[in-house]
1. I need the full set of residues from segment 65-74 which are assigned to a helix (DSSP H, G or I) and either closer than 12 Å to Asp154 by Cβ or not assigned by TED's automatic domain parsing to the domain that holds Gln119 (or both), in order please.
2. Just to be sure before I move on: is Ser335 within 18 Å of Gly395 (Cβ to Cβ), assigned by TED's automatic domain parsing to the domain that holds Lys384 and either under 34 Å from the mean Cα position of the chain (by Cα) or hydroxyl-bearing (Ser, Thr, Tyr) (or both) in the structure I sent?
3. Looking at (1) of a type in the set (Lys, Arg); (2) under 20 Å from Arg312 (Cα atoms); (3) at pLDDT below 65, which one does Arg263 not meet, given that it meets all the others?
4. Just to be sure before I move on: is Glu254 surrounded by fewer than 17 Cβ atoms within 10 Å (Cβ to Cβ), closer than 22 Å to Ala321 by Cβ and modelled with pLDDT of 65 or more in the structure I sent?
5. Within segment 71-87, can one find any residue that is at pLDDT 90 or above and under 25 Å from Arg44 (Cβ atoms)?
6. Go through the residues of segment 43-51 one by one and say whether even a single one is assigned to a helix (DSSP H, G or I), at pLDDT 90 or above and within 22 Å of Ala163 (Cβ to Cβ).
7. Tell me whether segment 151-165 contains one or more residues that are under 16 Å from Pro97 (Cβ atoms) and surrounded by 20 or more Cβ atoms within 10 Å (Cβ to Cβ).
Amino acid sequence: MNAAARSATPITERPDLDGSLPRWDRLLLAMELGSAGLDRRSARDWFVDSVAFAFAVLAAASVTITHRAQVSTTMVVLNAALSVPACLSLWARRRHPLGVAWLTVALAAASSASVHAAQVAIFSAAIHARPRRALEATGGAIVATGVACAIYLDAGFFAVWTADAIAALAFGSFIRVRRELVDRLETEQQLRVHDARLTERARIAREMHDVLAHRISLLSVHAGALEVSTDASREEIVQAAGVIRTSARAAQEELREVLGILRADPGSETAQPPQPTIADVGHLVEQNRQAGMDVTLVDELSDLPVPALAGRTIYRVLQEALTNARKHAFGQPVSISLTGAPGELIHVEVVNHGGSGGSIDKRLEQVGAGTGLIGLAERLSLAKGTLEHRPLADGGFRLSATLPWNEAAAGGPGGRL
């Protein structure tokens, strides 16, 4: 559920808040936020409701005794009798805050002993009901208080009871705002955790693609060569089989390392994917040459202190470019150029030239979901670099990438791409 949908969900329908909140915040939470729902009161809810009920009963008894001298015995009995349903209705104030508020307000107009029960109901309405409805109920309580004071000939209580009703509304509104703030902060925290999980999953998926796509394409090329080369010598077959076995073993080891990330505890320092460096570029090129590709490398970075993050990114760019060239244009020559200097931009260019070459196995062209360049562009973006790729007029393809030399500008020495 996105943030907009969650913010539109009534507080009473939020099931995702639990005891992870600070103790003081939980004390302010309503029953529907602090426990399973409205059908069950927590111990805190029972305590608060019992205190509110006891307060209303004691206040009703005190007011009844105070006003017994101003009115007849019949009015005293009526005053006390009407306060009974007003006090009892407070037990339903959480489920029906507005209904209880207006019931107690109506009773308070004819029973001064019900005024304090109405104040408790207003406090509850300010927490659970819409602010406008709670304000209307407060206005009704002030009017009812004036009527009760006129009936029981005691205008001195009007100002005090009016102030009490306003205070109940204000304090209830404060708790409501505080509760909504806690709810929003908890929701935002959950969304941040969810986004972090998605980001980590995307990173792991990118690593798995970078690690396995290259190895699997090597396997496919050599297996295809064995399939179509019916006149190959025993030595050539043994050599190709050895490359297949080596590549399969390397893919298995690299897959095990990547899957170890998923099994490791969050934050574990050992949960690191395979991280190649600029020194591994030569080995990558040699692997592709052994697979039958014609690769030319112009490397001006081999003797320079290329930062680790930039080196990993360069390796992944070349790995993806060579994998695509092997899948879609096997046999066509590929030229690689690595240029740059400390403090400047690093330029990576891979061009596979048009010619008579073709894929050793047309079925290999269908391997993959076409997301390699998308993931590569994302990797370059995270490294503050750019990626460009376009077909050439001679049927070839050109891929170029630029990224900053300064590792701090690309996310710091601890960055993982």
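The values are calculated or read from the model by the stated rules, or taken from the named source; none is laboratory data. All of these numbers come straight from a predicted model, not from anything done at the bench. In this analysis, Cβ positions are derived from the backbone assuming ideal geometry, glycine residues included, and neighbour counts consider all displayed protein chains.
1. Those that are assigned to a helix (DSSP H, G or I) and either closer than 12 Å to Asp154 by Cβ or not assigned by TED's automatic domain parsing to the domain that holds Gln119 (or both): Thr66, His67.
2. In short, yes.
3. Every condition holds for Arg263 apart from (2).
4. It is false that Glu254 is surrounded by fewer than 17 Cβ atoms within 10 Å (Cβ to Cβ), closer than 22 Å to Ala321 by Cβ and modelled with pLDDT of 65 or more.
5. Taking every residue of segment 71-87 in turn, at least one turns out to be at pLDDT 90 or above and under 25 Å from Arg44 (Cβ atoms).
6. Yes: segment 43-51 contains one or more residues that are assigned to a helix (DSSP H, G or I), at pLDDT 90 or above and within 22 Å of Ala163 (Cβ to Cβ).
7. yes
A quick yes/no check of all residues on (1) acidic (Asp, Glu); (2) out of contact with any helix residue (DSSP H, G or I) (no Cβ under 8 Å at 6 or more places or on another chain); (3) at positive phi; (4) in contact (Cβ under 8 Å) with a residue 40 or more places away in the chain:
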site: His67; (1), (2), (3), (4): no, no, no, yes
site: Thr74; (1), (2), (3), (4): no, yes, no, no
site: Ala81; (1), (2), (3), (4): no, yes, no, no
site: Ala86; (1), (2), (3), (4): no, no, no, no
site: Ala92; (1), (2), (3), (4): no, no, no, no
site: Ala108; (1), (2), (3), (4): no, no, no, yes
site: Ile122; (1), (2), (3), (4): no, no, no, yes
site: Ala125; (1), (2), (3), (4): no, no, no, yes
